[in-house]
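The values are calculated or read from the model by the stated rules, or taken from the named source; none is laboratory data. Remember, it's a predicted structure, so these values are computed and weren't measured experimentally. Methodologically, a virtual Cβ is constructed for each residue, glycine included, from the backbone with ideal geometry; neighbour enumeration extends over all protein chains shown. These area figures cover heavy atoms from the full protein model, side chains too; ligands, DNA and RNA do not enter into them. Shrake-Rupley method; radii C 1.70, N 1.55, O 1.52, S 1.80 Å.
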Amino acid sequence: MAGHSKWANIKHRKAAQDAKRGKIFTKLIREITTSARLGGPDAGSNPRLRAAVAAALSQNMTRDTVDRAIKRGAGGDDGVELETLVYEGYGPAGTAVMVECMTDNRNRTVSGVRHAFTKSGGALGTDGSVAYLFTKKGVISFAEGDEDAIMEAALEAGADDVETNEDGSIDVYTSPTDFGSVLDGLEAAGFKPDNAAVSMIPSTEVDLNADDAPKLMKLIDMLEDLDDVQEVYHNGTMSDEVAATLE
């Protein structure tokens, strides 16, 4: 859509994320530990772990911290059994929202998630209510770069698609299983991404105006503040002008 910039929206969110880096690291370590426990400590044969490690490193987590989390998960010695839950709901302006949680107490988690939706003018939905609008994909993002060179390296490594945004940022899309090999291929070719993660990509987007954008941001912030919430995905988008009003 004209005037829209995914990278601008990412940059806007980054300031808030940096302020919560301790909480972000806690969530990342939890995912690494659980992934290692469920699929083994070898990131090469464990796509979920490979994605978790890539996400942690893109947030500047040290390799030592990552390795300790893998070792703890593989050893199964933290004594806490966590299950992954996904909640679906509706945010402002009919936006679709998916909330990925990791918890040892379902009742606590659903209570917190429902409260965040209600407090922000949204509503918690039923299983399948919005999931059909999202597809799980690996996303490797560059704030800038040589489009042709990145595209050549990405496709050669097995990427599904490469998209250049209006602000010059570049997104490389992969299947979840090929995420690790494509990331390795790009890095081997000398391209260091600004962000890399397996995400839920919406098939349709809802353009938010200056009234609805802050309401969705409030909902996302409330959800991300919950200890049990790992990731929040949504299909809201905004123009650069609307994003600027949130800064």
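General observations
- Check on S181, modelled with pLDDT under 90 and in contact with a helix residue (DSSP H, G or I) (Cβ under 7 Å, 6 or more places away or on another chain): no
- Among (1) within 25 Å of L85 (Cβ to Cβ); (2) buried (at least 16 other Cβ atoms within 10 Å of the Cβ); (3) among the charged types (D, E, K, R) - the single one E187 does not satisfy: (1)
- Considering segment 102-128, the residues that are part of a loop (DSSP other than H, G, I, E, B) and within 28 Å of L38 (Cα to Cα) include one that is most open to solvent (accessible area, probe 1.4 Å), namely D127.
- Among the residues here, L82 does not qualify as open to solvent by less than 70 Å² (accessible area, probe 1.4 Å) and modelled with pLDDT of 90 or more.
- Test: residue in segment 52-64 that is buried (at least 19 other Cβ atoms within 10 Å of the Cβ), in contact (Cβ under 8 Å) with a residue 40 or more places away in the chain and in a helix (DSSP H, G or I): yes
- Filter result for A96 (open to solvent by less than 50 Å² (accessible area, probe 1.4 Å), modelled with pLDDT of 90 or more, touching a Leu at 6+ places or on another chain (Cβ under 9 Å) and of a type in the set (G, A, S)): yes
- When D148, D167, D161 are screened for being under 20 Å from the mean Cα position of the chain (by Cα) and open to solvent by 50 Å² or more (accessible area, probe 1.4 Å), only D161 passes.
- Number of positions in segment 198-216 that are more than 17 Å from T84 (Cα to Cα) and surrounded by 21 or more Cβ atoms within 10 Å (Cβ to Cβ): 3
- If you filter segment 86-122 down to residues that are aliphatic (A, V, I, L, M) and in contact with a helix residue (DSSP H, G or I) (Cβ under 6 Å, 6 or more places away or on another chain), you find that the one that is nearest to D207 (Cα to Cα) is A93.
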